[in-house]
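Engineer: There's a structure below that I have some questions on.
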There are 2 protein chains.
Amino acid sequence: MFTGLSAFPLTPTTESGIDDRAYAGLVARLARAGVDSIGALGSTGGYAYLSREQRAQVARVAVDAADGTPVMVGIGALRTAQVLALAEDAQQAGASAVLLAPMTYQPLAEDEVFGLYEDVTRELSVPLCVYDNPGTTHVHFTDELHARIARLPQVASIKIPPVPADPAAARTRVATLRTQIPATVTIGVSGDWTAATGLNAGCDSWYSVVGGLFPDVALALTRAAQRGDTAEAVAASDRLEPLWQLFRQYGSLRVMSAAASHLGLTGEPNLPLPLHGLSPDARHGLITVLTTLGLAS
Amino acid sequence: MFTGLSAFPLTPTTESGIDDRAYAGLVARLARAGVDSIGALGSTGGYAYLSREQRAQVARVAVDAADGTPVMVGIGALRTAQVLALAEDAQQAGASAVLLAPMTYQPLAEDEVFGLYEDVTRELSVPLCVYDNPGTTHVHFTDELHARIARLPQVASIKIPPVPADPAAARTRVATLRTQIPATVTIGVSGDWTAATGLNAGCDSWYSVVGGLFPDVALALTRAAQRGDTAEAVAASDRLEPLWQLFRQYGSLRVMSAAASHLGLTGEPNLPLPLHGLSPDARHGLITVLTTLGLAS
């Protein structure tokens, strides 16, 4: 399940709770579209802002709505004890895998990050994907740290940050990491605007934000790269460049939040405070982009 | 209560819970020493790692053990709804003030940070101290943002990050911020190694980590600065330089954790996983420093 397109949907959230029905609808759309796996409660799924009870419920809804498509559930939290509890809940809910970012408040030393993964993998019975996301965790993984963690039991994939824009530099980045980790551990790219470059550079999967709402365009890009049609993968990404610009400017979460409500797939607002949605001007720009791309009418 | 020495004690925490008795002992020592206020559940108090129930209990123990010394309670959390609940709990526990850092997972825009303080101050009946701590929150306050927040009701103080080491640059920093905020809002320095420089540069208070375990040395430095004896304040800080070196190298939380257990004031370990204490080598160095400074035998 750690190859191809893994689609990360939003978890529609308001101050009064989670909209389970809208969430089930988002997940079912992804399964029907034929994504390879679903990443519930990733950063786009707002995992960091939800309670243990809410996260257990979201995991159950996701597994049910995915109807057989494998679901990976985010279990990150600031404290090891919380992560262990969330891992247990995710497995009980039927998750096929878990995704773990080392959230921080106090900056963590490398041994502390390693200790977290060691303590958690010891208790797991499903595979784990290491979530390397310096933009939210402020942990900067060295390749040495990746190598230590990738040798732990249950570690099956690494979700890496955006690869370099230059194709040769991207190939070097992926190849260098590959030499450090077991052959059984896959590498998946994130930062949607680098997905084509990352897949063409040898990444096994794309952990995709845009795929969580627009699975067809993400699948087209992924399948092109998988069949070796590097030019078509790049062309598919280039067509989405106006959307990537908005991702880089406002954060992909806020853009997908506005897109989901514009499509009528969630209510409005759908993000937990203190997060705000896009400003009216930015939202207007997004709608223009979506319409031009044929992603909204 | 937002002038002089505010002492921030550790919250002794293990995987099985909080050691209330040790915590009450730490707080009572500070009150007996005559600190001006106590900062419960600051970063040194590990607020980010504790549950709502644990934090309410810690606030009650602190107010009780402080025996009349004003207690400020940290109410930071990732989500506005959590912060509002924690503010209510802190006030119920008898806190004289609250301390709020804008914790982040998704990076926050300035309007989102402002919105958090706006939503929380609207509900408060005790004063609030703005906690500007980029090392843990990764929020970089501009002076314009400080000015907007400082005009909100209930805002009474700003806990600023380390001031520049150069005394003239520190005076400029404090004076510049002062021109942007109401005269009723005090400025307190943090980063213990810059406390003397900050107080001598016109800060009204010192939000102190070392003061949470060694109140006498922190009070001597603070009182020297308050009576205008800038040279003695600097000399008091210079004597502690070996300790400041360890703070900068390992983080003040880990150093105070090891010092507290070495003094027999807490058990061992006293930090929540994934945080580790000092390595044996670093601990040995700390004990040598404490002994040389007359802070441990």
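Engineer: Please compute the contact order of segment B:218-297 in relative form: average sequence separation of alpha-carbon pairs under 8 Å and at least six residues apart, divided by the residue count, as a percent. Write out the running numbers ahead of the final one.
Structural biologist: Values: 52 pairs, mean separation 18.8, N = 80.
Here the relative contact order equals 24 percent.
Engineer: Still on this structure: Shortest first, in nm, what separates the label point of B:LEU293 from those of the same position in the other copies (7 Å along Cα→Cβ)?
Structural biologist: For B:LEU293, the inter-copy label distances come out at 5.5 nm.
Engineer: Could you compute how fast segment A:1-121 diffuses translationally, taking Rh as the Kirkwood radius over C-alpha pairs and applying Stokes-Einstein at 25 °C with viscosity 0.890 mPa s? Give it in µm² per second. Numbers along the way, then the final one.
Structural biologist: Numbers: Rh = 14.5 Å.
It diffuses with D of about 169 µm²/s by this estimate.
Engineer: Can I ask one more? So if the hydrodynamic radius of chain A is defined as the Kirkwood radius over C-alpha pairs, what does Stokes-Einstein give as its diffusion coefficient at 20 °C and 1.002 mPa s, in µm² per second? Spell out each step's value before the answer.
Structural biologist: On the way: Rh = 19.0 Å.
Answer, rounded: 113 µm²/s.
Engineer: Name the chain A residue with the Cβ nearest the axis that maps A onto B: which is it, and what is the distance in angstrom?
Structural biologist: Per the Cβ-to-axis criterion, the result reads A:HIS138, 3.
Engineer: As a test, work out the antiparallel percent of DSSP beta bridges whose residues both lie in segment B:4-229, rounded to the nearest 5. The partial results should precede the final answer.
Structural biologist: Details: 2 of 27 bridges.
That works out to approximately 5 percent antiparallel.
Engineer: Divide by every residue of chain A the summed helix terms, -39500 (n - 2.57) for each DSSP H run of at least 4, and state the resulting mean residue ellipticity at 222 nm, rounded to the nearest 500 deg cm²/dmol. Provide the component values of the computation, followed by the final result.
Structural biologist: Numbers: 13 runs with 142 residues, N = 297.
So the helix-based figure for chain A works out to -14500 deg cm²/dmol.
Engineer: Out of B:ALA169, B:ALA259, B:ALA93, any idea which swings most in a Gaussian network model of chain B, alpha carbons joined below 10 Å?
Structural biologist: So, out of B:ALA169, B:ALA259, B:ALA93, the one fluctuating most is B:ALA169.
Engineer: Continuing with this model, one more query. Kindly rank B:170-182, A:37-49 from highest to lowest mean number of other beta carbons found within 10 Å of each residue. Let's see the in-between values first.
Structural biologist: Details: B:170-182: 16.4, A:37-49: 27.4.
Going from most to least packed, we get A:37-49, B:170-182.
Engineer: Putting +1 on Lys and Arg Cβ atoms and -1 on Asp and Glu Cβ atoms, find which of A:LEU99, A:THR11, A:LEU221 reaches farthest to the positive end of the dipole of chain A.
Structural biologist: Final value for the positive-end residue is A:LEU221.
Engineer: Return the distance in nm (one decimal) between the two label points of a simple spin-label model at A:GLN249 and A:ASP166, each offset 7 Å from Cα along Cα→Cβ.
Structural biologist: Here the answer is 2.8 nm between the modelled labels.
Engineer: Hey, can you list the residues from segment B:63-86 whose accessible area shrinks by 50 Å² or more with all protein chains present, relative to the chain by itself (probe 1.4 Å, no ligands or nucleic acids)?
Structural biologist: B:LEU78, B:ARG79
Engineer: How many angstrom separate the Cα center of segment B:1-80 from the Cα center of segment B:249-297?
Structural biologist: With segment B:1-80 and segment B:249-297 each reduced to a Cα centre, they are spaced 19 Å.
Engineer: Relative to the other copies, what are the label-point distances for B:ARG223, with labels 7 Å from Cα along the C-beta vector, expressed in nm at one decimal and sorted shortest first?
Structural biologist: Listed shortest first, these distances are 7.9 nm.
Engineer: For the pair A:ASP216 and A:THR288, what calculated FRET efficiency results from E = 1/(1 + (r/R0)^6), where r is the Cβ-Cβ distance and R0 = 22 Å, to the nearest 0.05? Display every interim value, and only then the final one.
Structural biologist: Numbers: r = 20 Å, r/R0 = 0.92.
After rounding to 0.05, the efficiency reads 0.65.
Engineer: Calculate log10 I(q)/I(0) of the protein assembly as shown for q = 0.06, 0.07, 0.09 Å⁻¹, where I(q) comes from the Debye formula with a single equal point scatterer on each Cα and nothing for solvent.
Structural biologist: So the normalised log intensities work out to -0.33, -0.45, -0.73.
Engineer: If you average the sequence gap of Cα pairs under 8 Å that are 6 or more apart and divide by the length of segment A:4-227, what percent do you get for the contact order? Please list the in-between numbers first.
Structural biologist: Values: 443 pairs, mean separation 45.6, N = 224.
It rounds to 20 percent for segment A:4-227.
Engineer: Turning to a different aspect of this structure: Semi-axes of the equivalent ellipsoid of segment B:116-250: what are they in whole Å, largest first, if each equals the square root of 5 times a C-alpha gyration tensor eigenvalue? Mind showing how you got there, number by number?
Structural biologist: Working: eigenvalues 138, 50, 41 Å².
After diagonalising the Cα gyration tensor, the semi-axes are 26, 16, 14 Å.
Engineer: Continuing with this model, one more query. Count charges around B:LEU293 for me, please; just the other residues with Cβ under 15 Å from its Cβ, Lys/Arg as +1, Asp/Glu as -1.
Structural biologist: On the way: positive: B:ARG239; negative: B:ASP192, B:ASP216, B:ASP238, B:GLU241.
With Lys, Arg at +1 and Asp, Glu at -1, the neighbours total -3.
Engineer: What gaps in nm, shortest first, separate A:ASP20 from its twins in the other copies when you place the label 7 Å past Cα toward the beta carbon?
Structural biologist: Taking the point 7 Å beyond Cα along Cα→Cβ, the inter-copy spacings are 3.5 nm.
The values are calculated or read from the model by the stated rules, or taken from the named source; none is laboratory data. Note that the structure is predicted; figures quoted are calculated from it, not measured. Neighbour counts run over all protein chains shown; Cβ positions are idealised from the backbone, glycine included. The area values use the complete protein model at the heavy-atom level, side chains included, leaving out ligands, DNA and RNA. Shrake-Rupley method; radii C 1.70, N 1.55, O 1.52, S 1.80 Å.
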